[in-house]
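Here is the structure we will look at, set down as structure tokens.
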Amino acid sequence: MGNNNSTQTETSRNSRFCDEFVEIVQLILDGEASEEHKNRFYNYFMKCGHCISYYNLESSTVEFLKKKIEQEKTPVPDGLAKEILSKIQYMA
């Protein structure tokens, strides 16, 4: 019975940490992670198969979306930036 209780505690603790890991992964993929977040990411990432799978999925999704957005880009018409800047300066 003691083993069952410790297993439940271990699962609860891992689940809670993995939830936090999800947040850290988002910060890392967005380029907004602090050094503390990065350290926690790399220290735990190497130990949890679920987190590795989640990171790989998220990272692949981000890369796919970046490529898709790049393919869909429409060139900006010549002079648009100057026109916007002149209107902003006029309003200021």
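Miscellaneous remarks
- Three-way shape label, the stretch 19-58, alpha-carbon gyration tensor, a/c 1.5: oblate
- Shape of the stretch 35-92, Cα gyration tensor, a/c cut at 1.5: oblate
- Low-density loop cleavage sites - GluC sites (Glu not before Pro) in the stretch 23-86, where at most 10 other Cβ are within 10 Å (DSSP): Glu32
- For the stretch 12-73, accessible area per residue (1.4 Å probe, heavy atoms of protein chains only), Å²: 76 Å²
The values are calculated or read from the model by the stated rules, or taken from the named source; none is laboratory data. Just so you know, these numbers come straight off a predicted model, no measurement behind them. Here Cβ is always computed from backbone atoms with ideal geometry, including for glycine, and neighbour counts include all displayed protein chains. The area values use the complete protein model at the heavy-atom level, side chains included, leaving out ligands, DNA and RNA. Shrake-Rupley method; radii C 1.70, N 1.55, O 1.52, S 1.80 Å.
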